[in-house]
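Asker: Please read through the structure below; I'll follow up with questions.
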Amino acid sequence: MDEKDLPVLYRPLDRTARIIQLLLIVPLLLSFVEPLWRVSLRAPQYPDGLYMDIYSYKLEGGNDGQDINEINELNHYIGMQRIERDAFADLDWIPFAFGILALLALRVAAIGNLSSLIDLTVLSLYVSVFSMFRFAYREYVFGHNLDPHAAVRIQPFTPVILGTKQVANFTTSAMPQLGSLLVGLFVIGLMILTARQFFAARSKTLHA
């Protein structure tokens with residue numbers, strides 16, 4: 001069967017699309033070594049602030065890791081559980097998900113068609129959105145499971161997920177970091193590439 005006789009979704013990707021697909025794998029892989037999110041706190045007693053970077057596989061505090069200890073001391077007073085990597089164990093699937101996406105992207109670049117590219121794009125969107133909602137849920141759990149016998153009693157709250165929020169005399173903020181931007185580049189690149197390939201294949205069908 002000639003290529004022009006194939007249904008649009010089963011048209012093989014053109015050479016340019018395959019090269020772009022290969023290039024898009026690079027930012028996804030680089031996201032492993034860059035922080036995805038940063039949570040920071042600032043108060044009069046901490047003029048330089050405290051911060052914690054969240055990677056896909058670890059937590060890393062500022063000041064050679066000491067900032068996490070300081071944050072945990074503060075959380076102890078309000079009855080919040082300690083921030084440790086084990087507390088984020090339900091996010092351990094993220095590195096594996098990114099690895100699978102990279103392998104699937106490599107496969108699509110090598111032998112894929114428009115249908116497989118669409119599948120990869122939808123799956124990448126799902127992983128990204130689900131990861132964000134899972135992170136938001138974990139933040140909710142941290143702020144609502146407070147020890148009722150803590151030294152300082154406060155109303156349960158959801159720690160800031162994106163943006164800035166005032167909690168007592170602390171200004172807390174949470175912002176995406178380079179790792180998230182790299183993942184976003186991968187996903188948005190896939191979306192643009194998918195749209196480009198769809199309209200190119202559609203045009204070939206209409207003019208066949």
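The values are calculated or read from the model by the stated rules, or taken from the named source; none is laboratory data. Not measured: the values here are computed from a predicted model. Don't worry about glycine lacking a Cβ; one is built from the backbone with ideal geometry, like all the others, and counts go over all protein chains shown.
Asker: Could you please find all residues in the stretch 133-158 being of a type in the set (Gly, Ala, Ser) and assigned to a helix (DSSP H, G or I)?
Answerer: Matches in the stretch 133-158: 136, 143.
Asker: A follow-up question, please. For the stretch 159-182, which positions are of a type in the set (A, V, I, L, M, F, W, C), part of a helix (DSSP H, G or I) and buried (at least 19 other Cβ atoms within 10 Å of the Cβ)?
Answerer: Passing the criteria: only 182.
Asker: Still on this structure: Testing residue 195 on (1) touching a residue at least 40 places away in the same chain (Cβ under 8 Å); (2) under 30 Å from residue 18 (Cα atoms), one condition comes back false. Which one is that?
Answerer: Just one mismatch for residue 195, condition (1).
Asker: Name the pairs: first residue in the stretch 115-131 and over 17 Å from residue 10 (Cβ atoms), second residue among the small types (Gly, Ala, Ser), Cβ to Cβ under 7 Å, at least 6 apart or on different chains?
Answerer: 127/97
Asker: Only one of 164, 121, 158, 171 is over 29 Å from residue 186 (Cβ atoms) and among the hydroxyl-bearing types (Ser, Thr, Tyr); which?
Answerer: So the residue among 164, 121, 158, 171 that is over 29 Å from residue 186 (Cβ atoms) and among the hydroxyl-bearing types (Ser, Thr, Tyr) is 171.
Asker: Continuing with this model, one more query. Across the stretch 44-94, what is the total count of residues that are within 18 Å of the chain's Cα centre (by Cα) and either over 24 Å from residue 127 (Cβ atoms) or modelled with pLDDT of 80 or more (or both)?
Answerer: 11
Asker: Please tell me if residue 30 is exposed (fewer than 15 other Cβ atoms within 10 Å of the Cβ), assigned to a helix (DSSP H, G or I) and not β-branched (Val, Ile, Thr).
Answerer: no
Asker: Exactly one of these conditions fails for residue 109: (1) touching a strand residue (DSSP E or B) at 6+ places or on another chain (Cβ under 8 Å); (2) surrounded by 20 or more Cβ atoms within 10 Å (Cβ to Cβ). Give me its number.
Answerer: Against the list (1) touching a strand residue (DSSP E or B) at 6+ places or on another chain (Cβ under 8 Å); (2) surrounded by 20 or more Cβ atoms within 10 Å (Cβ to Cβ), residue 109 comes up short only on (1).
Asker: If you go through the stretch 36-67, how many residues are in a loop (DSSP other than H, G, I, E, B) and either within 18 Å of residue 177 (Cα to Cα) or without any contact (Cβ under 8 Å) to a residue 24 or more places away in the chain (or both)?
Answerer: Within the stretch 36-67, residues that are in a loop (DSSP other than H, G, I, E, B) and either within 18 Å of residue 177 (Cα to Cα) or without any contact (Cβ under 8 Å) to a residue 24 or more places away in the chain (or both) number 10.
Asker: Only residues in the stretch 140-153 that are within 19 Å of residue 174 (Cβ to Cβ) count as the first member; pair them with residues that are in a helix (DSSP H, G or I), Cβ under 8 angstrom, at least 6 apart or cross-chain, and list the lot.
Answerer: Every condition considered, the pairs that remain are 142/87.
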